[in-house]
Amino acid sequence: MLKSRKELDAELDGSARAWLDEALAEAAHDAAAASDAPRPEASPYASPPWELRYAAAGRHCGPEHADSVRSLLLVEARASLPSVTRLYEQGTAAERRAVLLTLHLLDLGDTALPLVEDALRANDTRLVAAAVGPYAADHLDAHAWRHAVLKCLFTEVPVAAVARLADRARGDAELARMLGDFAAERTAAGRTVPEDLRTVLGHARRTGAPTAPAPTEES
């Protein structure tokens, strides 16, 4: 769970707090400069100072605080799509996770969906869990969202990580069918059906339409 600046200040030592103050000031400066004049076309190799701080967050503030520190930097910088894409593509798994956890706090619309889709193709369960957060709940279409839920079941990522699960699954007959097929395959192979599957199936069998944006279904 991401921590607030106040929570971080209470847990970080003096040197880490000073480092964070400087890092956030650099991020705010970049955001202010961008608001005064449009950002030029970003080079994939050009990184403002706050992005270098982003990579160093775990070293200066501790790995247990790195996600929260990186998220604060992204928000303070009002990170653009080129920035979050660069940080994701060039980052470690931990740096990618922080991007995914923060997408819903940035003004990116659905433009960052390729990052979520990339994470959902990965076998790193930390990335899969981060990818099914609020941003995915808001922007993945029904087809992609169903497969994201199945990815969680296949990789044993707890479905508690799926944001707005009950809301989006409610009354979804196609999801119920897919879950039924998955359960049948598990049973035929002599494997147990995970309790998380039963949980999602219970939501899908409830009446009432999901409130997610109505996407175009694949034919």
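Things worth noting here:
- The number of residues in the stretch 70-88 being surrounded by fewer than 18 Cβ atoms within 10 Å (Cβ to Cβ) and without any contact (Cβ under 8 Å) to a residue 40 or more places away in the chain comes to 2.
- Test: residue in the stretch 114-126 that is part of a loop (DSSP other than H, G, I, E, B), touching a residue at least 12 places away in the same chain (Cβ under 8 Å), of a type outside the set (A, V, I, L, M) and closer than 29 Å to Ser35 by Cα: no
- Verdict on Ala66 being farther than 24 Å from Ala131 by Cβ, open to solvent by less than 10 Å² (accessible area, probe 1.4 Å), under 23 Å from the mean Cα position of the chain (by Cα) and in contact (Cβ under 8 Å) with a residue 24 or more places away in the chain: no
- Looking across the stretch 59-72, the residues that are part of a helix (DSSP H, G or I) and farther than 9 Å from Leu20 by Cβ come down to Arg59, Ala66, Asp67, Ser68, Arg70, Ser71.
- Of the candidates Ala188, Ala173, the single residue that is surrounded by fewer than 18 Cβ atoms within 10 Å (Cβ to Cβ) and within 19 Å of Leu140 (Cβ to Cβ) is Ala173.
- Subset of the stretch 91-113 [of a type outside the set (Val, Ile, Thr) and either modelled with pLDDT under 95 or not in a helix (DSSP H, G or I) (or both)]: Gly91, Leu106, Asp107, Leu108, Gly109, Asp110, Ala112
The values are calculated or read from the model by the stated rules, or taken from the named source; none is laboratory data. Quantities reported herein were computed from a predicted structural model and do not represent experimental measurements. Methodologically, a virtual Cβ is constructed for each residue, glycine included, from the backbone with ideal geometry; neighbour enumeration extends over all protein chains shown. The accessibility values were calculated without ligands, DNA or RNA, using every heavy atom of the protein model including side chains. Shrake-Rupley method; radii C 1.70, N 1.55, O 1.52, S 1.80 Å.
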